[in-house]
Structure formats: structure tokens, C-alpha cells
Amino acid sequence: EAVRILQARGRLVVKHGQGVFVAQLRSEKELRAALQQAEISLNELFAMREVLEVPAAGWAAERLTPEQVEGLRATLDELHAAFEEESPDFERLAGLDASFHLAIAAAAGNRFLQQTSHVLNDNLLSGMETTLLIAGRREKSRREHERILAALAAGDVQAARRAARTHIRSAHRAAMARMAAEQRTSED
């Protein structure tokens with residue numbers, strides 16, 4: 001009975017022979033479709049990251065629980081360990097990096113922000129390779145992530161916002177430099 005009610009409300013999808021699945025929210029579907037149809041530049045994506053993630057870091061600094069701090073620490077530790085592997089796996093690195101940022105959005109306590117951050121992250125990843133594989137970027141990213149986490153753990157709203165802004169702008173510059181280098185290579 002409960003499954004039929006949730007299915008009627010659009011919350012569940014029943015696939016006979018496969019199981020019952022949580023339905024994607026209509027607003028999220030619409031946002032994804034709009035972003036996929038629009039021509040979105042890398043500059044626009046990073047601008048939206050800054051619009052979303054800087055305030056999210058501040059809100060998270062106000063609300064973060066010790067358990068959430070531990071979760072963020074575990075994610076960063078796993079990301080750093082993945083970098084140390086002989087042949088780092090891009091998908092795993094990108095997933096761990098995204099998990100860190102999305103956990104901050106979740107800790108901010110705003111469901112719309114969290115939902116929008118997921119969509120933005122998906123579009124960013126599908127539109128470019130991670131900046132984490134750029135020479136020298138790994139250590140810089142590690143330091144930036146550590147600053148974000150330290151500010152969050154300290155509950156320092158302003159430091160969390162500054163650290164998030166610095167990280168996003170740094171990743172943006174790295175992505176633009178990589179694109180410019182790839183364009184020069186393809187023109188040669």
C-alpha cells in the first residue's frame with residue numbers, strides 16, 4: 001500500500017522484475033534537462049560553483065557536527081591515498097573530490113542547495129576532465145581542501161568562505177590553463 005501511494009506521488013518508480021527505486025525529484029530532472037540543453041561554458045560552471053559553494057561553506061561551518069567533520073576527514077584521507085596510487089583512477093579521484101564538496105553542501109542544511117550542487121557537479125564532471133591530474137595541482141588542491149576542513153572544524157564562517165572561494169578560483173584557473181594548452185596542442 002505504501003509503495004503504491006509513494007509511486008502515485010512520484011516518489012518511487014516500480015520496475016517489475018527489477019525492484020523499487022527512489023524517483024528523481026521533478027525539479028532536479030528539470031534543472032538537469034535545462035543545463036544539458038543550454039550551452040554552458042566552463043566559466044559559467046565555475047561561477048555557479050562559487051555562488052553555491054562559498055555560502056555553503058559558511059553555513060556548514062555554523063552547523064557541522066563532529067561526526068560530519070570526521071566524515072569529511074575520512075573522505076580527504078581516502079582522496080589523498082588515491083593520489084598516492086601508482087596509476088590514480090580518474091573516476092575514483094573525481095568521485096572522492098565530489099563527495100567532499102557535496103558533503104559540505106549537505107552539511108549547510110539547505111536541501112535546494114544540496115540538490116543544485118549535485119546537478120552542477122554532474123555537469124562539471126561531464127564537461128571536462130578533473131583538474132586534479134594537472135601537474136602540481138594535487139598538492140595545491142590538498143592544501144586548499146585542508147584549509148577548508150580546518151575552517152569548518154573550527155566553526156570559522158569567514159575562513160570557511162575564504163578557503164572555499166580560493167579553492168574554486170584556483171581550480172578554475174587550472175582548468176582554463178589546461179583547456180588553453182589542449183587547444184594549442186590541437187592547433188599545432
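Some values worked out for this structure:
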read-out	value
Check on residue 142, at pLDDT 75 or above, crowded, with 17+ Cβ neighbours inside 10 Å and under 17 Å from the mean Cα position of the chain (by Cα)	no
Any pair with Cβ under 6 angstrom, 6 or more apart, that starts in region 152-169 at a residue that is within 10 Å of residue 62 (Cα to Cα) and ends at one that is open to solvent by less than 70 Å² (accessible area, probe 1.4 Å) and outside any helix (DSSP H, G or I)	152/64
Test: residue in region 113-129 that is at pLDDT 85 or above, surrounded by 14 or more Cβ atoms within 10 Å (Cβ to Cβ) and among the charged types (D, E, K, R)	no
Count of region 18-67 residues which are part of a helix (DSSP H, G or I), at pLDDT 70 or above and either over 30 Å from residue 178 (Cα atoms) or touching a strand residue (DSSP E or B) at 6+ places or on another chain (Cβ under 6 Å) (or both)	7
Of all residues making up region 82-95, the number that are surrounded by 11 or more Cβ atoms within 10 Å (Cβ to Cβ) and either in a helix (DSSP H, G or I) or at pLDDT 95 or above (or both)	7
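The values are calculated or read from the model by the stated rules, or taken from the named source; none is laboratory data. Remember, it's a predicted structure, so these values are computed and weren't measured experimentally. Quick reminder, even Gly has a Cβ in these numbers, built from the backbone with ideal geometry, and neighbours come from all protein chains shown. Heavy atoms of the whole protein, side chains included, go into the accessibility calculation; ligands, DNA and RNA do not. Shrake-Rupley method; radii C 1.70, N 1.55, O 1.52, S 1.80 Å.
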